[in-house]
Amino acid sequence: MVNRLLANMSLDESLIGIHVNWSMYFPTVALIHRHLENVPEQLNGWVDDPLQQSPKLIQAINETAHEIQLNADVLVVVGIGGSYLGAKAVQDALTPYFGLQENGVEVLYVGHNLSGTYMKQLINHLHNKEVYMNVISKSGETMETMLAFRVLRNYMKNRYGNTHNNRIIVTTESNNGSLKKIADQNQYRTFAIPSNIGGRYSVLTPAGLLPIATAGIDINQLLEGAKDAAIHFKEEQVERNMAYRYAVIRYELYKKGYQMELLACFEPSLAKLQQWWQQLFAESEGKEQKGLFPSSVCYSSDLHSMGQFIQDGSPILFETLLHFNEVDMDYFLPIEERDEDALNYLTDKSFNEINTVAKEGVTAAHADAGVPIIQIQLKKLDAYHFGFLLYFFMKACAMSAYLLKVNPFDQPGVEQYKIKTLELLINSVIYKN
């Protein structure tokens, strides 16, 4: 198994531009690894969750997804942050650009912003479509999610009357929280988010799996990839663990003064994966005035905007290039008899082959400019390898945060904005009255 996994994913460190004294990290990485694997924490349940998933739970998720596919045109997912980004990342990466997966239905997301325009247009879009709703929140106290839930719940009541509760599914804490109370009082079906898994690490729990399955994506293969990754990344020796090597390289570059990491992809469908990755690392590392700023670019489009800064701007960033060797579809350039655009020399190449050459050109140009480059390469853009990649990033992120000596699993800065917003809203009501 290990040889197959190593062949399916690689980490190229040849262009990072610094020397890493790996032996210096042996004891620290091993200590953090043993802590992650063996010391129960409030929110590290994701480490072994892919190895402990109940077949009955996965069957129930698949059966619910099948029910939605049979009876609805749209599943509206209500959530924010980790309650939607992971599912949307998988959905966008593995769904056709123009259309739906075979047997999948349209999956839309709300509750991740406070735009009245977005909400109004969503409600209008649902007209004449059969609808199910899945609200996702551990606490049931996140403002954006609960405001959207109120609107959509009211919509479902008005439209479906006494049968509306059959079309609302709640994914939340199993035993407590305001959303769980609402679900119990109204007899909504529920799926549980494990209490020891936080939002940004929850994509492989029901929080992500139900929307993903409803979109027509094989969650069994997704979990198989994550399971293999969970086994593979139990190696505590940093020289044999790609996730830990990635974390250490990031830390070394951070110590050298680099302030930003750009995750660069070469397929537009990976934009939401980049946003999920940004949340994962920003919320896990950005504490106590520490941490790299995670940002992202999609090539080749961003070469015509951000590319200038990356090539010639302030030396504050390094790149992590993510590339999948195989994709399901491709297109060849047609031959033009008159060759007016002088492109006939490329007619024996496909768009994906040209994209790969562009990647090599970007890598060479940026490396020549002194930009440190990490390269992550996977065999194929499919559910199995995507599950493997998601787990890779989560394991690397936890290690990276601990190297910075910060807690990977809390987000005190996020709580501050919630407190200030609530104060302003309460004051506005008081002054109005």
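The values are calculated or read from the model by the stated rules, or taken from the named source; none is laboratory data. In this text, all values refer to a predicted model and were calculated from it rather than measured experimentally. Using ideal geometry, Cβ is built from the backbone for each residue, glycine included, and neighbour counts are taken over all protein chains shown.
Among the residues of the stretch 383-403, is there at least one that is in a loop (DSSP other than H, G, I, E, B) and modelled with pLDDT of 95 or more?
Checking the stretch 383-403: not a single residue is in a loop (DSSP other than H, G, I, E, B) and modelled with pLDDT of 95 or more.
Residue 156 meets all of the listed conditions (1) hydrophobic (A, V, I, L, M, F, W, C); (2) part of a loop (DSSP other than H, G, I, E, B); (3) in contact with a Lys or Arg (Cβ under 7 Å, 6 or more places away or on another chain) but one, namely (2). For the residues 324, 332, the requirement of being farther than 29 Å from residue 256 by Cα and surrounded by 15 or more Cβ atoms within 10 Å (Cβ to Cβ) singles out 324.
The rows are residues; the columns are (1) touching a Gly at 6+ places or on another chain (Cβ under 7 Å); (2) surrounded by fewer than 16 Cβ atoms within 10 Å (Cβ to Cβ).
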position	(1), (2)
103	yes, yes
116	no, yes
129	no, yes
132	no, no
141	no, yes
181	no, yes
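Within the stretch 275-303, the set of residues being free of Cβ contacts under 8 Å to residues at least 40 places away in the same chain and either within 12 Å of the chain's Cα centre (by Cα) or not assigned by TED's automatic domain parsing to the domain that holds residue 325 (or both) comprises 278 only. If you check 118, 109 for being closer than 25 Å to residue 268 by Cβ, assigned to a helix (DSSP H, G or I), of a type in the set (Phe, Trp, Tyr) and in contact with a strand residue (DSSP E or B) (Cβ under 9 Å, 6 or more places away or on another chain), only one passes: 118. In the stretch 22-41, the qualifying residues are those that are out of contact with any strand residue (DSSP E or B) (no Cβ under 7 Å at 6 or more places or on another chain) and hydrophobic (A, V, I, L, M, F, W, C), and the one that is modelled with the lowest pLDDT is 39. Is there a residue being under 27 Å from residue 281 (Cβ atoms) and either touching an Asp or Glu at 6+ places or on another chain (Cβ under 6 Å) or not small (Gly, Ala, Ser) (or both) anywhere in the stretch 115-125? Yes.
In the stretch 69-117, which residue that is among the hydroxyl-bearing types (Ser, Thr, Tyr) and closer than 20 Å to residue 204 by Cα is modelled with the lowest pLDDT? The selected residue is 83. Of all residues in the stretch 286-313, those being among the small types (Gly, Ala, Ser) and more than 17 Å from residue 365 (Cβ to Cβ) number 4. Restricting 342, 247, 365 to those that are out of contact with any Asp or Glu (no Cβ under 7 Å at 6 or more places or on another chain), of a type in the set (A, V, I, L, M) and in a loop (DSSP other than H, G, I, E, B) reduces the list to 342. Of all residues in the stretch 205-229, those satisfying the criterion of being part of a helix (DSSP H, G or I) and either of a type outside the set (A, V, I, L, M) or touching a Phe, Trp or Tyr at 6+ places or on another chain (Cβ under 6 Å) (or both) are 206, 208, 211, 214, 220, 221, 224, 225, 226, 227, 228, 229. Within the stretch 377-400, residues that are closer than 21 Å to residue 217 by Cα and among the hydroxyl-bearing types (Ser, Thr, Tyr) have Cβ atoms under 7 Å from residues that are modelled with pLDDT of 95 or more and assigned to a helix (DSSP H, G or I) in these pairs: 384/221; 384/224; 384/225; 391/50; 391/226; 391/229; 391/230, counting only partners at least 6 apart in sequence or on another chain.
Filtering the stretch 58-95 to residues that are part of a helix (DSSP H, G or I), out of contact with any Ser or Thr (no Cβ under 8 Å at 6 or more places or on another chain) and among the acidic types (Asp, Glu) leaves 63, 67. Scan the stretch 18-57 for residues that are outside any helix (DSSP H, G or I) and not acidic (Asp, Glu) and the total you get is 11.
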